[in-house]
Amino acid sequence: MDESKKILKEQIERLPKALKKFVLNNEWSKKLETHLSVYKVEEWQKTSIENEVFLILMGFDEYGNLPGNIAEHSEIDFEMAEKISEFVIRDILKPVADMVVKEHIEPERKPQSSIGQSFEDLILNQARGMQPAKESGQQTVSSSQAPDNLPIENNAQQNKPEIKVPNYSGSDPYREPLEN
């Protein structure tokens, strides 16, 4: 018996903080016992079902095996075992799994530096990077820096290309006739 207690203590120490707190809190077993009172199972069956849930919480068994394990070890019919396992998964295992996931994801999301930690810092950093707005009368891009196809007041009138359309006078089977 000392060997099994030692294994359990070692496994509890390896659990994530949220799961360890949840298992040791024992609130889950009270919730399970309250739910099992609806099914009018005997005390030894309650203990057996609680042990199965405990094995899953400790990581010794998978929750997919829960209905079969409950039916086998508690000697109850499989339909009742499925209903009990649905409750366990929905009301005990899912909430603790969400807490464990949240515990592991939260530290990863924290940025390494303290720059831009708050909304105000982000806005101030963006404002520092922006150039001041120009008045409408000022030329925003100098004509020496502008590309040729950018319409600037001086550049637009000087560099406007003249487009010539060739006048085909012969008959071409691939062109429609031009109407003048």
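Extension gain, THR47 to ASP61, is 3.4 nm, computed as 0.36 nm per intervening residue step minus the present C-alpha separation. Potential lengthening of the chain between ASP77 and ASN125 amounts to 10.8 nm, from the contour at 0.36 nm per residue minus the alpha-carbon distance. Between ASP172 and ASP2, the contour length at 0.36 nm per residue exceeds the Cα-Cα span by 51.0 nm. Taking the range 28-46 and a reference point 7 angstrom along Cα→Cβ of GLU103, the backbone N atoms nearer than 15 Å belong to 28.
What value does the range 16-109 have for Rg/Rh, both radii from Cα atoms and Rh as Kirkwood defines it? My calculation puts Rg/Rh at 1.01.
Can you order the peptides 55-61, 26-32, 120-126, 99-105 by their average number of other Cβ atoms within 10 Å per residue, highest first? List each step's numbers first, then the result.
Details: 55-61: 16.1, 26-32: 14.6, 120-126: 11.0, 99-105: 12.9.
Ranked by mean Cβ neighbours within 10 Å, highest first: 55-61, 26-32, 99-105, 120-126.
Only the coordinates and a few stated rules stand behind these numbers; no lab work does. Since the model is a prediction, treat every value here as computed from it, not as a measurement. In this analysis, Cβ positions are derived from the backbone assuming ideal geometry, glycine residues included, and neighbour counts consider all displayed protein chains.
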